[in-house]
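Novice: This structure is in structure tokens; I'll ask about it shortly.
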Amino acid sequence: MAERVIPLIDQRLAALGATLPALPIAANGLLADSLGRPLRDLRISVTDRCNFRCSYCMPKEVFDKDHQYLPHASLLSFEEITRLARQFLAHGVRKIRLTGGEPLLRKNLEILVEQLAALRTMDGTPPELTLTTNGSLLARKAQALKAAGLQRVTVSLDGLDDAIFRRMNDVDFPVADVLEGIAAARAAGLGPIKVNMVVKRGTNDDQILPMARHFRGSGVVLRFIEYMDVGATNGWRMDEVMPSAEVRARIATELPLLQLDPSAPGETAERWGYADGSGEIGLISSVTQAFCGDCNRARLSTEGRLYLCLFAGNGYDLRALLRGGAGDAELASAVGHIWQGRGDRYSQLRGTLAAGPGGAPKRRVEMSYIGG
Ligand code: SF4
């Protein structure tokens, strides 16, 4: 097997200034980017820390014991996150997802959940409030998160076989504890629960059928994610990608599937139901079937940088505006200005763009820094 080359660089790249447009941009929910895509989904990373070292996201070789995490003072406070989230909702966001790193490592996260749950979308309803976690702390936190206003969780689980799972997360964490977290989330009413499995050919693809069998009929929606070239540290290779079509074919050998309609515009997963009605799966195919056409997602890093794509190079520094005394209307105007200029569609153009200005980012931001 070819030697894996991992560039040792500081993942947190220089930020782009978030400027205020000459003419203020009103927050009226009609905002669209340069490809006509609205802003509907905000992913907020609340920490750059994680207790796992998944090889496709935060490889141990790079994020080792000497890795410097962001100082606490540089992280947005819960009040700052909530204030920014309010501007995104005013522009039409309907769904807020909390991510990380591992979001449950952020102390007192329930307080933030409570603050976000009190916000309202353009039509006066509460935003859809969800969270993506590796499940390691879920059994302890599920009830409190639900009580604070969290509606749903998505749990990452890359296999049922302990040895394979540990090979993927590279820490000595057992599958049983993640399954216990899922059970606790269900008992707390944090559903419907989704489980995300990243499929890496040659590492955990033999877990596809065991996972499907395990979650079929349970009410949990299992999604298979194509291994992606996120960031600059996971040593991604195309021959380790198992296309979703192959994943689906493998499942259908035993469990016939029928295609289902998307449940919402901009949905990342292609939905397939078991022919016997015992549940559904999702296929997230960023590599072989890009879904940039209706991508309505923005990402806020834990230190207040706005990223317009999972594969972006740089983010816009909203924290500087926040801590520089900008008013709500100015913040909303800056967000509007940035979104209007958005033309990102990395997955659609993967491999066709040369790195550099107007092309592919020289270095992509790490997924562990802005959330999946
Ligand atoms: S590659 Fe970027 S633009 Fe395309 S779907 Fe993913 S986040 Fe959206």
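Novice: Tally Lys and Arg at +1 and Asp and Glu at -1 over the other residues with C-beta under 11 Å from the C-beta of Glu110: what net charge comes out? Show your work: numbers first, answer last.
Specialist: On the way: positive: Arg106, Lys107, Lys141, Lys146; negative: Glu114.
With Lys, Arg at +1 and Asp, Glu at -1, the neighbours total +3.
Novice: Can you return the aspartates and glutamates within cross-link range of Lys95? Criterion is Cα-Cα under 16 Å, with same-chain partners fewer than 8 residues away left out.
Specialist: Straight-distance partners of Lys95: Asp41, Glu114, Asp123, Glu128, Glu267, Asp294.
Novice: At a Förster radius of 56 Å, what calculated FRET efficiency corresponds to the Cβ-Cβ distance of Ala249 and Asp66, to the nearest 0.05?
Specialist: After rounding, the FRET efficiency stands at 0.80.
Novice: Please determine, in degrees from 0 to 90 and to the nearest 10, the orientation of helix 138-148 with respect to the longest principal axis defined by the Cα atoms of the chain, where the helix direction is its Cα long axis.
Specialist: With both axes taken from Cα atoms, the answer is about 40 degrees.
Novice: I'd like to know how the range 1-134 sits against the 2.2 N^0.38 Å rule of thumb: what's its Cα Rg over that expected value?
Specialist: 1.25
Novice: Right, another one. Any idea how far apart Ala320 and Gln143 come out in nm if each label point goes 7 Å out from Cα toward Cβ?
Specialist: Distance between the two pseudo-spin positions: 4.6 nm.
Novice: Angle between the Cα long axis of helix 328-340 and the longest principal axis of the chain, 0 to 90 degrees, nearest 10?
Specialist: Tilt of helix 328-340: around 60 degrees.
Novice: What distance in nm separates the two pseudo spin-label positions at Leu30 and Ala275, each 7 Å out from Cα along the beta-carbon direction?
Specialist: 4.9
Novice: Along the charge dipole of the range 270-325, pointing to its positive end and built from +1/-1 on Cβ of Lys, Arg, Asp and Glu, which listed residue (Leu308, Leu322, Ser278) has its Cα farthest out?
Specialist: Projecting each Cα onto the dipole axis, the largest value belongs to Leu322.
Novice: How far is helix 78-90 tilted off the main Cα axis of the chain, in degrees rounded to 10, range 0 to 90?
Specialist: That helix lies at roughly 90 degrees to the long axis.
Novice: Go through the range 51-110 and name the trypsin sites (Lys or Arg not before Pro) that are in a DSSP coil and have 12 or fewer other Cβ atoms within 10 Å of their Cβ.
Specialist: Hits after loop and neighbour filter: Lys65, Lys107.
Novice: Which of rounded, prolate or oblate describes the range 136-249 when judged by the alpha-carbon gyration tensor and an a/c cut-off of 1.5?
Specialist: Prolate, since a/c reaches 1.5 and a/b exceeds b/c.
Novice: What share of the DSSP beta bridges in the range 11-370 is antiparallel, in percent to the nearest 5?
Specialist: In the range 11-370, DSSP labels about 30 percent of beta bridges as antiparallel.
Novice: Let me ask something else about it. Could you quote the convex hull projected area for the range 73-180, Cα atoms only and averaged over all directions, in nm²?
Specialist: Value for the range 73-180: 7.6 nm².
Novice: Using only the alpha-carbon atoms of the range 199-244 as identical scatterers, what base-10 log of I(q)/I(0) does the Debye formula give at q = 0.16 Å⁻¹?
Specialist: Ignoring solvent entirely, the Cα scatterers give -0.51.
Novice: Could I ask something else about it? Let me cross-check Met168: its accessible surface, 1.4 Å probe, with only protein heavy atoms counted, in Å² to the nearest 10?
Specialist: Approximately 0 Å² of Met168 is accessible to the 1.4 Å probe.
Novice: Something else: Give the dimensionless ratio obtained when the Cα radius of gyration of the range 168-326 is divided by 2.2 N^0.38 Å.
Specialist: Values: Rg = 18.0 Å, N = 159, 2.2 N^0.38 = 15.1 Å.
The reported ratio for this selection is 1.19.
Novice: If you don't mind, another one. Using 0.36 nm per residue of separation minus the Cα-Cα distance, give me the extension gain between Glu79 and Val171 in nm, one decimal. Walk me through the numbers on the way to the answer.
Specialist: Values: separation 92, 0.36 × 92 = 33.12 nm, distance 3.31 nm.
Length difference between fully extended and current span is 29.8 nm.
Novice: Now, a different point. Excluding ligands and nucleic acids, what accessible area in Å² is computed for His337 using a 1.4 Å probe, to the nearest 10?
Specialist: Accessible surface of His337 is approximately 70 Å².
Novice: Once ligands and nucleic acids are excluded and a 1.4 Å probe is used, how much of Arg120 is accessible, expressed in Å² to the nearest 10?
Specialist: 110
Novice: Could I ask something else about it? With +1 assigned to the C-beta of every Lys and Arg and -1 to the C-beta of every Asp and Glu, and no other charges, what is the dipole magnitude of the range 11-370 about the Cα centre in debye, to the nearest 20?
Specialist: About 520 debye.
Novice: Next question, about the same structure. Among Ala185, Ala147, Ala232, which one shows the biggest mean-square fluctuation in a GNM of the chain, springs joining Cα atoms closer than 10 Å?
Specialist: Answer for the Gaussian network model of the chain: Ala147.
Novice: Ignoring any ligand, DNA or RNA, what whole percent of the accessible area of the chain comes from carbon and sulfur when the probe is 1.4 angstrom? All intermediate terms of the calculation are to be shown ahead of the outcome.
Specialist: Numbers: 8260 of 15270 Å².
Here carbon and sulfur together make up 54 percent of the probe-accessible area.
Novice: When the expected Rg is taken as 2.2 N^0.38 Å, what fraction or multiple of it is the alpha-carbon Rg of the range 96-136?
Specialist: 1.26
Novice: Sticking with this one: Mind listing the phi-derived Karplus ³J(HN,Hα) values for the range 222-234, rounded to whole Hz, using 6.51, -1.76 and 1.60 with θ = phi - 60°, and x for any glycine or proline?
Specialist: For the range 222-234, the Karplus curve yields 8, 10, 9, 10, 5, 4, 10, 7, 6, x, 9, 10, 8 Hz.
Novice: Return one quarter of the surface area of the convex hull spanned by the alpha-carbon atoms of the chain, equal to its mean projected area, in nm².
Specialist: On the way: hull surface 71.5 nm².
Approximately 17.9 nm², given one-decimal rounding.
Novice: From the backbone phi of the range 155-170, what are the Karplus-calculated ³J(HN,Hα) couplings (6.51 cos²θ - 1.76 cosθ + 1.60, θ = phi - 60°) in whole Hz, Gly and Pro given as x?
Specialist: 10, 7, 8, 9, x, 9, 6, 4, 5, 5, 4, 5, 5, 6, 9, 6
Novice: Okay, helix-only estimate at 222 nm for the chain: each DSSP H run of n ≥ 4 adds -39500 (n - 2.57), divide by all residues, round to 500 deg cm²/dmol; what do you get?
Specialist: Result for the chain: -7500 deg cm²/dmol, rounded to the nearest 500.
Novice: Over the chain, average the accessible area per residue using a 1.4 Å probe and give it in Å², no decimals.
Specialist: Per-residue accessible area for the chain comes out at 41 Å².
Novice: May I ask you to list the GluC sites (Glu not before Pro) in the range 254-330 that are in a DSSP loop and have at most 13 other Cβ atoms within 10 Å of their Cβ? Mind showing how you got there, number by number?
Specialist: Working: sites: Glu254, Glu267, Glu270, Glu280, Glu303, Glu330; in loops: Glu254, Glu267, Glu303.
Of the GluC sites (Glu not before Pro), the ones in loops of the range 254-330 whose Cβ has at most 13 other Cβ atoms within 10 Å are Glu254.
Novice: Okay, next question. Treating cross-link reach as a plain straight distance, find the lysines whose alpha-carbon is under 28 Å from the alpha-carbon of Lys60, omitting any fewer than eight places away in the same chain.
Specialist: Lys107, Lys141, Lys194, Lys200, Lys362
The values are calculated or read from the model by the stated rules, or taken from the named source; none is laboratory data. Owing to the predicted nature of the structure, the values given are computational and were not obtained by experimental measurement. With ideal geometry, Cβ positions are generated from the backbone for all residues, glycine too; neighbour counts draw on all protein chains shown. Surface accessibility is based on the protein's heavy atoms, side chains included, excluding ligands, DNA and RNA. Shrake-Rupley method; radii C 1.70, N 1.55, O 1.52, S 1.80 Å.
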